[in-house]
Amino acid sequence: MKKALLYERLPNSWIKCNICQRRCIIEEDKFGWCGTRINQKGKLYTLIYGKVSSWMVSPIEKKPMFHYYPGSRWLSLGTFGCNFRCPGCQNYEIAHTRMDTNILKEHESTRMISPKECVDLAKKYNCFGISWTYNEPTIWFEYTLKSAESAKEKTAENAKVLKTNYVTNGFITPEALDLIGPYLDSFRVDIKGFNKKTYQKIAHISDFRGILEVTKRAKEKWKMHIEIVTNLIPTVNDEPSELRELANWIKSELGEDTPWHITRFIPYLYWTDLPSTPVEKLEQTREIGLKTGLKYVYLGNVPGHPGENTYCPKCGKLLIERNGLLITNYRLNRNRCPYCQAEIAGYFLDSSDELNDTSDRKKSP
């Protein structure tokens, strides 16, 4: 166990956790909603510090992120538990596991990796950065914070630093975001819909406005690179009016250059009775985003579809061609279209030789 951050002590040894926006009130010897934090004698402890359920080296495209050093390799790690219980969760084996069930005591896949070891692993495998993913990184906050701090430390032997990334549902509190903000470079956020009914059905929360506010805060206060993902689920969040509202919010609050990934739902777990999202529906939603004024709207989980590719928003020429996680054609000249010289928003490498160069690149306006 490790003592948790960001909690308030209440009368009668009760505690209020301020890591995620549920802000659980926890009585003594009980767990928070995520099942990973326990109140012992009026102090809050995390039970997952350094406990890694899954890790691998994978391309940034897997997050998915298409405008943050495309083609770069990232050390990707996850733990156990989540502050949501999405009915169609693809990673439910780890995300729906709760420490209060004692399942993890003998969990065969658990590996302890310290923050220093995390950074060493990333460097050993020539990774461009570290991504906390697979389950919600917010509930792993103490560990991800220390790891992110370690990733930014420069040593006499190595003056380079690693980039950092959260793949998140955005339900982190503003005060937690502000603690990790100086050490977090990119924020890939799931926005699951755009009304309370949708979020109640998917995430079991009564309001989603805090997610929008935190996402905007990550961009404006901490200058993080933001990309948005919406998994389009038939009969759940696929109403054109709701999607149009979401697209309008992205444009007005995050900017027209913000990439929006619309991914295909695959039936899983408790939602096996729902069909896969029709490709035609994905294409219609992409049109909604483009007509709203978003410059970069992508389709996901449809390998080989033209909607995976990056096109110049000015001249329309193909700039980055993809097939699933693979880049099959790359025509950018740094962040410029080679045909019309328009600036392409995001961060890009000069060439494949620089995949291990973690120095800063100028972001286009």
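In order along the range 301-311, phi translates into HN-Hα couplings of 6, 9, x, x, 6, x, x, 7, 8, 9, 10 Hz, rounded to whole numbers, per the Karplus curve 6.51 cos²θ - 1.76 cosθ + 1.60 with θ = phi - 60° and x for Gly and Pro. Every pair of different Cα atoms in the range 32-88 enters the Kirkwood calculation, which places the hydrodynamic radius at 14.0 Å.
Taking the number of Cβ atoms within 10 Å of each Cβ as an exposure proxy, the fewest-first ranking of D257, D185, D178 is D178, D257, D185. Using only Cα coordinates, the Kirkwood hydrodynamic radius of the range 2-46 works out to 9.8 Å. Here's how it looks for G300: its modeled amide H is under 5 Å from those of I262, T263, R264, which are all 5 or more places away or on a different chain. Cα centroids of the range 1-15 and the range 293-356: 47 Å apart.
Database remark: amide H of T164 closer than 5 angstrom to the amide H of I130, D185, S186 (H placed geometrically; neighbours at sequence offset of 5 or more, or on other chains; Pro and chain starts carry no H).
Fewest first, what order do E308, E220 take by the number of other Cβ atoms within 10 Å? Mind showing how you got there, number by number?
Working: E308 24, E220 12.
If I rank by nearby Cβ atoms, fewest first, I get E220, E308.
For the chain, the relative contact order is 13 percent, taking Cα pairs closer than 8 Å that sit 6 or more residues apart in sequence and dividing their mean separation by the residue count. The radius of gyration of the Cα set in the chain, together with its Dmax, comes out at 20.3, 68 angstrom.
Working note: Karplus 6.51/-1.76/1.60 with θ = phi - 60° gives the range 169-175 the couplings 8, x, 8, 5, 7, x, 6 Hz, where Gly and Pro are set to x.
As a test of the formula, what do you get for the chain when each DSSP H run with n ≥ 4 contributes -39,500 (n - 2.57) and the sum is divided by the residue count, at 222 nm and rounded to the nearest 500 deg cm²/dmol? Spell out each step's value before the answer.
On the way: 8 runs with 76 residues, N = 365.
Taken over the chain, the calculation gives -6000 deg cm²/dmol.
Would you mind getting me the FRET efficiency between K152 and K116? Use the beta-carbon distance for r and R0 = 22 Å, nearest 0.05. The calculated FRET efficiency here is 0.95.
Under 5 Å from the amide H of Q40 lie the amide H atoms of D29, Y45, each residue being 5 or more positions distant or on a separate chain, with H modelled from the backbone and absent for Pro and chain starts.
The value for the range 122-281 of Rg(Cα) / (2.2 N^0.38 Å) is 1.14.
For the chain, the antiparallel share of DSSP beta bridges with both residues in that region comes to about 50%.
From Cα pairs below 8 angstrom and at least 6 apart in sequence, can you work out the relative contact order of the range 110-203, rounded to a whole percent?
Numbers: 103 pairs, mean separation 24.6, N = 94.
The value is 26 percent.
Values in this text are rule-based calculations from the coordinates and carry no lab data. Quantities reported herein were computed from a predicted structural model and do not represent experimental measurements. All Cβ positions, even for glycine, are placed from backbone atoms using ideal geometry, and neighbour counts span all protein chains on display.
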